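Single-structure report; data block below.
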Amino acid sequence: MISITGTNGKTTTARMVAHIYKLSGNTVGLATTDGVYIDGNLTVKGDLTGPQAAHMVLRDPTVDAAVLETARGGLLRRGLGYEHCDCGAVLNISADHLGLRGVATLEDMAIVKQIVVEVAKDTAVLNADDDLCLKMAAHTKAKNLCYVTMNASHPLVREHVRSGGRAVVLEQGMNGHMVTIYDNSAHIPLIWTHLIPATLDGKAMHNVQNALFAAAICFSMGKSLEDIRHGLRTFAGSYFQAPGRMNVFDEHPFKVILDYGHNPAAIDAMCKLVDQLEPAGKRVCVVTLPGDRRDEDIVEAARILTGHFDHYICRRDDGLRGRTSDEVPKIMQAALIANGVAPDAISVIPEEVEAVDAALKMG
C-alpha cells in the first residue's frame with residue numbers, strides 16, 4: 001500500500017504510480033480527488049482522498065496494490081483509515097488551505113502531512129528540495145529513506161548517497177535531463193525527461209518532479225527498471241489519464257492547457273510552463289481560486305500571474321465556499337491592477353463556461 005501526500009502533484013503522481021503498477025500486471029486500487037478506480041475503472045466518483053476511500057480500496061478482494069492520494073482534509077476530519085502503509089511519500093509543502101481547521105502556518109501543515117511517513121513501514125520518500133519535508137526524515141521509522149531532488153549537487157543527498165542511501169535525482173546530461181536512481185552505491189540512469197509525454201518534452205518541470213517521485217516510489221516497492229520506464233513513457237497526462245491535470249488540447253488553431261491549479265505554487269508552475277513553451281501568439285489566462293482560500297493567497301496568485309499573459313479573465317469557482325458570486329474575481333482583478341496590469345487587459349466573467357468561451361474567442 002502506497003500513501004502519497006503533499007500540497008501539489010498528489011493526483012498526478014498517484015496516477016503515474018498506478019499506471020506503472022497496472023502495466024506491470026497488478027490489479028490496482030486508486031483513490032484520488034477524482035474518485036476511486038479499481039483496475040482502471042471508475043467505481044465511485046468524487047473527491048475521495050480520505051479514510052472512506054481507503055476502506056473502499058483496501059476491502060476490495062480483487063485489488064493487489066493500493067495507491068492512495070492522502071489529502072489534508074481527510075486526515076484532519078477522520079484520520080488515515082489504516083495503521084500502516086508500505087511506502088509513504090510527501091511531495092512538497094506550500095501555502096494552501098491555510099486558516100482552515102486550525103492549520104494556520106506551513107509548519108502546521110507539515111505536521112499534518114508528516115503522518116504518512118510516520119506510519120510507513122518499508123520506505124519514506126521525501127522531497128529534499130523542501131526544508132519542511134526534509135525535517136520529516138527524523139520522524140519516520142521506515143526501513144528505507146529515499147530522497148527526491150532536482151538539484152544534482154544537493155549536499156545532504158550527496159552524503160546520503162555516499163553512505164549507500166537511496167535517492168532519485170534529476171541530472172543534466174548531453175541529451176537533456178536524466179531521471180537517475182542512486183541505491184546502495186549503484187548509479188542507475190533511468191529515462192530522459194523529454195521521453196516522458198506528461199512533461200511536454202521535459203519543459204513541464206512540475207511533472208518532471210512528479211515523475212521523479214513516481215520512479216522513487218515504484219523502485220522502492222520493487223518494480224523493475226523496465227516497468228518504470230515503460231510506465232513513464234506511456235503516461236501522457238491526457239484528460240483520459242489525468243483529468244484536469246495539465247491537459248493539453250491541440251484541436252484549435254492554438255494550444256489550450258487546462259490545469260486545476262488551486263494555489264499560488266500551482267499557478268507559478270503553470271506560468272513557468274507557458275514561458276518555457278514560448279508561444280508566438282497572444283497569451284490568454286482564465287483564472288480563479290476556491291472561495292475558502294485567504295485573501296492574501298488570491299493576491300499572491302495575481303502577483304505571480306502578472307507579466308506572463310496578454311489578457312486575464314477572472315472567474316469564480318463553482319464552489320463559492322462562503323464568498324459572494326463575484327468576490328474572488330474582483331479581488332484578483334484589483335490585485336492584478338495593483339501589480340501593474342492594465343485594466344483593459346482584464347475581464348471579469350464570473351461564469352466558468354462564459355469565461356472559457358470568451359478566452360477561446362480571443363485566440
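The values are calculated or read from the model by the stated rules, or taken from the named source; none is laboratory data. This one's a predicted model, so the numbers in the text were calculated from it and none came from an experiment. As a convention, Cβ positions derive from the backbone with ideal geometry for all residues, glycine included, and neighbour counts pool all protein chains shown. Side chains included, ligands, DNA and RNA excluded: accessible areas come from the protein's heavy atoms. Shrake-Rupley method; radii C 1.70, N 1.55, O 1.52, S 1.80 Å.
On a 0 to 90° scale, report how tilted helix 327-338 is relative to the longest principal axis of the chain, with both axes built from alpha carbons and the result rounded to the nearest 10. Its long axis makes an angle of about 80 degrees.
Considering only ALA335, ALA110, ALA120, the mean-square fluctuation computed in a Gaussian network model of the chain, springs between alpha carbons under 10 angstrom, is largest for ALA335. A straight chain from SER153 to HIS187 at 0.36 nm per residue would run longer than the Cα-Cα distance by 10.8 nm.
For region 103-163, the square roots of the Cα gyration tensor eigenvalues, ordered a ≥ b ≥ c, give a/c of at least 1.5 with a/b no greater than b/c, which places it in the oblate category.
Which of rounded, prolate, oblate describes region 208-329, given a ≥ b ≥ c as roots of the alpha-carbon gyration tensor eigenvalues and a/c under 1.5 marking rounded, otherwise prolate only if a/b is larger than b/c? Prolate, since a/c reaches 1.5 and a/b exceeds b/c. For the chain, the Kirkwood hydrodynamic radius from C-alpha pairs, put into Stokes-Einstein at 37 °C and a viscosity of 0.692 mPa s, yields a diffusion coefficient of 156 µm² per second. Using only alpha carbons, region 1-136 has a radius of gyration to Kirkwood radius ratio (Rg to Rh) of 0.95.
For GLU351, the solvent-accessible surface computed with a 1.4 Å probe is close to 90 Å², ligands and nucleic acids excluded.
In the Gaussian network model of the chain, springs joining C-alpha atoms below 10 Å, which of ILE20, ILE349, ILE115 carries the largest mean-square fluctuation? Result for the chain, Cα springs under 10 Å: ILE349 fluctuates most. When the solvent-accessible area of the chain is split by element, carbon and sulfur atoms take up 51 percent of it, the probe being 1.4 Å. For region 4-138, the relative contact order is 24 percent, taking Cα pairs closer than 8 Å that sit 6 or more residues apart in sequence and dividing their mean separation by the residue count.
Against the chain, whose longest principal axis is taken from its Cα atoms, helix 205-220 shows a tilt of about 20°. Of the trypsin sites (Lys or Arg not before Pro) found in region 6-45, no site is in coil according to DSSP while having at most 16 other Cβ atoms within 10 Å of its Cβ.
Structure remark: mean-square fluctuation, Gaussian network model of the chain, C-alpha springs under 10 Å; the largest value among ALA242, ALA342, ALA265 belongs to ALA342. Between the Cα long axis of helix 295-305 and the first principal axis of the chain there is an angle of about 90°, rounded to the nearest 10. In the context of the full set of protein chains, the chain has a per residue accessible area of 44 Å² (1.4 Å probe).
When GLU171, GLU69 are compared by accessible area of protein heavy atoms, the largest-first order is GLU171, GLU69, using a 1.4 Å probe. With a Förster radius of 45 Å applied to the C-beta separation of LYS143 and VAL256, the computed FRET efficiency comes to 0.50.
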